[in-house]
Amino acid sequence: MFKILKHQKLGPKMQFMELDAPLVSRKAEPGQFIVLRVNETGERIPLTIADFNRKKGTVTIVFQEMGKTTHLLATKNAGDSISDVLGPLGNPSEIEHFGNVICIGGGIGVAPVYPLARKLKQKGNKVTSIIGYRSKNYVFWEDKMKNASNKVLITTNDGTYGEKGFVTDVLKKLMDGRELIDRIFAIGPAIMMKAVSDLTREKEIKTIVSLNSLMVCGMGMCGACRVIVGGETKFTCADGPDFDAHLVDFNILMKRLDTYKEEEKISFEKWKAEVDYYEES
Amino acid sequence: MKNLNKKQVTMQEQSAEERKHNFNEVPLGYSKEEAILEASRCLQCSTHPCIDGCPVHINIPDFIKAIKEDNVQLAIDIIHKSDSLPAVTGRVCPQEDQCQAVCIMGKVGDPIAIGRLERYAADWDLQNREGGKIKLPTKEKSNGKNIAIVGSGPSGLACAGDLIKNGYNVTVFEGFHKTGGVLAYGIPEFRLPKSIVQEEINMLNKFGVKFATDALIGKTLTIQELMRDEFDAVFIGAGAGLPRFMHIPGENLAGVYSANEFLTRVNLMKAYKFPQYDTPIKIAKKVAVIGGGNVAMDSARTALRLGAEHVFLIYRRSRKEMPARNEEILHAEEEGIDFNLLTNPVRYVGDEKGFVKTIECIKMRLGEKDASGRRRPIPIDGSEFTLDIDQVIVAIGTTPNPIIPRTTAGLKTGHHGVILADENGATSVKGVFAGGDIVTGAATVITAMGAGRKAADSIDKYLKGKI
């Protein structure tokens, strides 16, 4: 069992948790993820590591309540335990001195961008972060991102905070600017990563995305997470999760992500009925 | 000379009509009377070729004699000396290729049903354990040496079982949340009930073996860290977990699974009980299973039990070349699996949502023998045809998982990434041993157990300075 040490709500349906997982924390690097299981009948879900504290032996996860498992997890309080935490999985992001780096986080994807930006800055890169949210009340970790970056640009879809629009709108402006961009990292919904990739492909700016495929094992034995990269089948868990965005077949990724839409709905509805769940508006 | 009873005592099983709608075990086991009757057929021949035919060298004639005399405790004690998981091996060993293949009785009639008798003794033991009557095998006094075992599948459990008896402190590391390896995620409930696997593992646990789940060696901890921090030797029995694909168009459509994913969802994650369990599996109407091994049979029969109306089994060679056990092929045929032999998939086509909808196949003919000694399948031009399906399970084999070789400096690997180990199971890294599928490539439960036992013996000798 793994104890939840902290649990805070970051925004609508957005949760922050610090887990007691010393073996995971000891080795965790930006870009890696964990697979967790809430209880004995639970499914295994992958979550990117949003932070870690080796001294305390903790890892931080930030997640959005989407289906049953994430809603169930959100009902757990500090002091409660969950059945399983496995990690750190996947390969760490390749971080070196690139020069001028842009880190893009979309929604919940801002969380894993944070340790990445922090390490990039530590390595002497000039880090400009573009973080995009749905609306003002969804904004989280602005201060942390400011500490981890040289400059932070914020967008909201509805313009209630920062610039109105999408992260790609801001990225486009930066790309049109005078400064050369040496590398871009983008983490967020598949559709956002695809949009970033489409934008940077023309200008041949090396862009790394962290893929959020469906996953079961997390250790390369099942192939549920397979994606097509550069025309070849790759396993997100074993070969990624970071890939060269310009080689990723995002259409296949997005279609595969929808495989269990119906089942996810059945599972969530059943759970809601069982716990008499009250959906916040 | 008395009259020989040339026929095996048949084992009762669920009828095909009944069993294809449930996940309960298919063969039901021998009763006491049936077991004694079958045991009485054994000639107790002096040459006992069966012992040499067994990869872990169980003293078969002696345990059969004990069953004949209704001394089942003695029978299980004899088996336990060589095999720490008899309830498992009694069910899934290919006895027809091993002990039973060389049985003298086989020359005049049916060989003795050694596997069934082994299962009888093991099940008797499990039932008595449930009744609280646990008799632990004897073990030597602790020698203070610590051994790490990587992977809780057949080779790791066999290795652990022997080392704990010899006085070692043994910790088994498992990446999944549950122990058993392929016994837990791969072999279906109807062939190997999971409660039996866990009971055998509980027995090892009671005997002193420690199990650490959620610990993926190569990621959570490395082999070097294990050797540096706590352990005097390491045994790697991580299996051949990487699923192979054919790399044909459409293979990444939704609804196309590796057998590993399909079986893991159903067996380990209990997707057949969805939504009581959270892990989903697509319930398909028409399923194509690609391959001709035991895993293909398991996948086809699982798909049927999940509710498929029609299951095509597509295999590129003829029935004769199928690597699956005959018993499994027969069971699959009885249950109505539609065998499409000398057929190979060419590509998959999906709908606008990306779900697989049709499979295009080509007929094959057999040419000259290839490196595997089997006749090579050759496509017949112009013989392409399509089948409407809504699920595909690719069961064409696995290769070793690369995580450990990639993260262990100096660990030498060979063809398909297998770990190279000598006849003692020693790898290129001092104190690190390996065995099972990660060394041989995908094989059987019992060969992996044999390798685990061999490595346990080598580790014992190594730590006593004998090799």
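Is there a residue in the range B:162-172 that is among the small types (G, A, S) and surrounded by fewer than 18 Cβ atoms within 10 Å (Cβ to Cβ)?
Yes, the range B:162-172 has at least one match.
Just the residues that are more than 11 Å from A:V85 (Cβ to Cβ), under 13 Å from the mean Cα position of the chain (by Cα) and part of a strand (DSSP E or B), please, taken from the range A:46-74.
Here is the first cut: in the range A:46-74, the ones more than 11 Å from A:V85 (Cβ to Cβ) are A:46, A:48, A:50-57, A:60, A:62-74.
Subset that is under 13 Å from the mean Cα position of the chain (by Cα): A:46, A:48, A:50-51, A:60, A:62-64.
Scanning the range A:46-74 gives A:P46, A:T48, A:D51, A:T60, A:V62, A:F63, A:Q64.
In the range A:240-281, what residues are outside any helix (DSSP H, G or I) and more than 9 Å from chain B (Cβ to nearest Cβ)? Full working, then the answer.
Looking only at the range A:240-281, we keep the residues that are outside any helix (DSSP H, G or I), and these are A:240-244, A:248-249, A:258-260, A:276-281.
Matches in the range A:240-281: A:G240, A:P241, A:D242, A:F243, A:D244, A:V248, A:D276, A:Y277, A:Y278, A:E279, A:E280, A:S281.
Restricting to the range B:78-116, what's the tally of residues that are among the polar types (S, T, N, Q) and part of a helix (DSSP H, G or I)?
4
Only one of these is closer than 18 Å to B:G436 by Cβ, at pLDDT 90 or above and not charged (D, E, K, R): B:A121, B:A158. Name it. First the steps, then the outcome.
Details: B:A121 fails: closer than 18 Å to B:G436 by Cβ.
Selected residue: B:A158, the only one of B:A121, B:A158 that is closer than 18 Å to B:G436 by Cβ, at pLDDT 90 or above and not charged (D, E, K, R).
Select from the range B:183-214 the residues that are part of a loop (DSSP other than H, G, I, E, B) and over 15 Å from the mean Cα position of the chain (by Cα) and write down the one among them that is nearest to B:G151 (Cα to Cα). Steps first, please.
Of the range B:183-214, the ones part of a loop (DSSP other than H, G, I, E, B) are B:186-193, B:207-209, B:213-214.
Imposing the further condition that a residue be over 15 Å from the mean Cα position of the chain (by Cα) reduces the set to B:207-209, B:213-214.
Values: B:F207: 18, B:G208: 17, B:V209: 13, B:T213: 9, B:D214: 11 Å.
For the range B:183-214, the residue satisfying everything is B:T213.
I'm trying to understand the selection: among the residues of the range B:227-252, which are surrounded by 23 or more Cβ atoms within 10 Å (Cβ to Cβ) and more than 11 Å from every other protein chain (Cβ to nearest Cβ)?
Result: B:A233, B:V234, B:F235, B:I236, B:G237.
Could you grab me the full set of residues in the range A:240-249 that are under 16 Å from A:M215 (Cα atoms) and either at pLDDT 95 or above or aromatic (F, W, Y) (or both)?
First, pick out the residues of the range A:240-249 that are under 16 Å from A:M215 (Cα atoms): A:240-242.
Residues satisfying the conditions are A:P241, A:D242.
For residues that are facing chain B (nearest Cβ under 10 Å) and part of a strand (DSSP E or B), scanning just the range A:209-233, find the one that is nearest to A:L36 (Cα to Cα).
Among those residues, the one meeting the criterion is A:R226.
Just to be sure before I move on: is B:A75 buried (at least 24 other Cβ atoms within 10 Å of the Cβ) and under 22 Å from B:P27 (Cα atoms) in the structure I sent?
Working: buried (at least 24 other Cβ atoms within 10 Å of the Cβ): yes; under 22 Å from B:P27 (Cα atoms): yes.
The answer is yes for B:A75.
Tell me, please, whether a residue that is within 14 Å of chain B (Cβ to nearest Cβ) and crowded, with 24+ Cβ neighbours inside 10 Å can be found in the range A:90-102. Quick ask: steps written out before the conclusion?
Applying the first criterion (within 14 Å of chain B (Cβ to nearest Cβ)) to the range A:90-102 yields A:90-92.
Now narrow it down to the ones that are crowded, with 24+ Cβ neighbours inside 10 Å: A:90.
Yes, there is a match, as at least one residue in the range A:90-102 is within 14 Å of chain B (Cβ to nearest Cβ) and crowded, with 24+ Cβ neighbours inside 10 Å.
Select from the range B:253-272 the residues that are among the charged types (D, E, K, R) and assigned to a helix (DSSP H, G or I) and write down the one among them that is nearest to the other protein chains (Cβ to nearest Cβ). Lay out the reasoning, then the answer.
First pass over the range B:253-272, keeping only residues among the charged types (D, E, K, R): B:261, B:265, B:270.
Now drop any that are not assigned to a helix (DSSP H, G or I), which leaves B:261, B:265.
Details: B:E261: 4, B:R265: 6 Å.
Checking each candidate, the answer is B:E261.
Kindly indicate whether B:L420 is within 28 Å of B:T264 (Cα to Cα) and modelled with pLDDT of 95 or more.
Numbers: within 28 Å of B:T264 (Cα to Cα): yes; modelled with pLDDT of 95 or more: yes.
The answer is yes for B:L420.
Name the single residue that is farthest from the other protein chains (Cβ to nearest Cβ) among those in the range A:27-43 being under 30 Å from A:S267 (Cα atoms) and not in a strand (DSSP E or B).
Taking the range A:27-43 first, the residues under 30 Å from A:S267 (Cα atoms) are A:31-43.
Still in the list and also not in a strand (DSSP E or B): A:31-32, A:38-43.
Details: A:G31: 13, A:Q32: 9, A:V38: 8, A:N39: 9, A:E40: 9, A:T41: 5, A:G42: 5, A:E43: 4 Å.
Only one residue fits best here, namely A:G31.
Among (1) within 13 Å of chain B (Cβ to nearest Cβ); (2) outside any helix (DSSP H, G or I); (3) touching a Gly at 6+ places or on another chain (Cβ under 8 Å), where does A:K3 come up short?
(1)
Scan the range B:350-372 residue by residue and report those that are within 14 Å of chain A (Cβ to nearest Cβ) and in a strand (DSSP E or B).
B:G350, B:F355, B:V356, B:K357
Among (1) in contact with a helix residue (DSSP H, G or I) (Cβ under 7 Å, 6 or more places away or on another chain); (2) within 12 Å of chain B (Cβ to nearest Cβ), there is one condition A:V24 misses while meeting the rest; what is its number?
Tallying (1) in contact with a helix residue (DSSP H, G or I) (Cβ under 7 Å, 6 or more places away or on another chain); (2) within 12 Å of chain B (Cβ to nearest Cβ), A:V24 fails exactly one: (1).
From B:K107, B:K81, B:K68, which residue is modelled with pLDDT of 95 or more, surrounded by fewer than 21 Cβ atoms within 10 Å (Cβ to Cβ) and of a type in the set (K, R)? Quick ask: steps written out before the conclusion?
Values: B:K107 fails: modelled with pLDDT of 95 or more; B:K81 fails: modelled with pLDDT of 95 or more.
Only one candidate qualifies: B:K68.
Return the total of residues in the range A:168-208 being among the polar types (S, T, N, Q) and assigned to a loop (DSSP other than H, G, I, E, B). Please lay out each step first, then the result.
So in the range A:168-208, the residues among the polar types (S, T, N, Q) come out as A:168, A:197, A:200, A:207.
Now restrict to residues that are assigned to a loop (DSSP other than H, G, I, E, B): none.
Number of matching residues: 0.
Just to be sure, is B:V295 among the β-branched types (V, I, T), in a helix (DSSP H, G or I), more than 7 Å from every other protein chain (Cβ to nearest Cβ) and within 23 Å of B:R347 (Cα to Cα)?
So B:V295 passes the test.
Could you look through the range B:364-419, keep only residues that are among the acidic types (D, E) and under 25 Å from A:A224 (Cα atoms), and pick out the one that is surrounded by the most Cβ atoms within 10 Å (Cβ to Cβ)? Outline the logic, then answer.
As a first pass, look at the range B:364-419 and keep what is among the acidic types (D, E): B:368, B:370, B:381, B:384, B:388, B:390.
Those left that are additionally under 25 Å from A:A224 (Cα atoms): B:388, B:390.
Working: B:D388: 11, B:D390: 18.
So, considering only residues that are among the acidic types (D, E) and under 25 Å from A:A224 (Cα atoms), the one surrounded by the most Cβ atoms within 10 Å (Cβ to Cβ) is B:D390.
With the condition kept exactly as written, say whether any residue in the range B:309-332 is within 14 Å of another protein chain (Cβ to nearest Cβ), on the phi < 0 side of the Ramachandran plot, touching a residue at least 12 places away in the same chain (Cβ under 8 Å) and part of a helix (DSSP H, G or I).
Step one: filter the range B:309-332 for residues within 14 Å of another protein chain (Cβ to nearest Cβ), giving none.
Looking through the range B:309-332, none of the residues is within 14 Å of another protein chain (Cβ to nearest Cβ), on the phi < 0 side of the Ramachandran plot, touching a residue at least 12 places away in the same chain (Cβ under 8 Å) and part of a helix (DSSP H, G or I).
Going through A:L86, A:L23 one at a time, which residue ends up being over 24 Å from A:G105 (Cα atoms) and part of a helix (DSSP H, G or I)? Full working, then the answer.
Working: A:L86 fails: part of a helix (DSSP H, G or I).
Going through A:L86, A:L23 in turn, the sole match is A:L23.
Quick test of your reading of the structure: A:K172 fulfils all but one of (1) buried (at least 16 other Cβ atoms within 10 Å of the Cβ); (2) free of Cβ contacts under 8 Å to residues at least 40 places away in the same chain. Name the failing condition by number.
(1)
Report whether or not A:T200 is surrounded by fewer than 20 Cβ atoms within 10 Å (Cβ to Cβ), of a type in the set (S, T, Y) and in contact with a strand residue (DSSP E or B) (Cβ under 7 Å, 6 or more places away or on another chain).
Numbers: surrounded by fewer than 20 Cβ atoms within 10 Å (Cβ to Cβ): no; of a type in the set (S, T, Y): yes; in contact with a strand residue (DSSP E or B) (Cβ under 7 Å, 6 or more places away or on another chain): yes.
Spelling it out, it is not the case that A:T200 is surrounded by fewer than 20 Cβ atoms within 10 Å (Cβ to Cβ), of a type in the set (S, T, Y) and in contact with a strand residue (DSSP E or B) (Cβ under 7 Å, 6 or more places away or on another chain).
Which numbered condition trips up B:V311, out of (1) buried (at least 23 other Cβ atoms within 10 Å of the Cβ); (2) within 17 Å of B:L192 (Cα to Cα)?
Looking at each condition in turn, B:V311 falls short on (2).
The values are calculated or read from the model by the stated rules, or taken from the named source; none is laboratory data. Note that this is a predicted model, so its numbers are computed, not measured. Methodologically, a virtual Cβ is constructed for each residue, glycine included, from the backbone with ideal geometry; neighbour enumeration extends over all protein chains shown.
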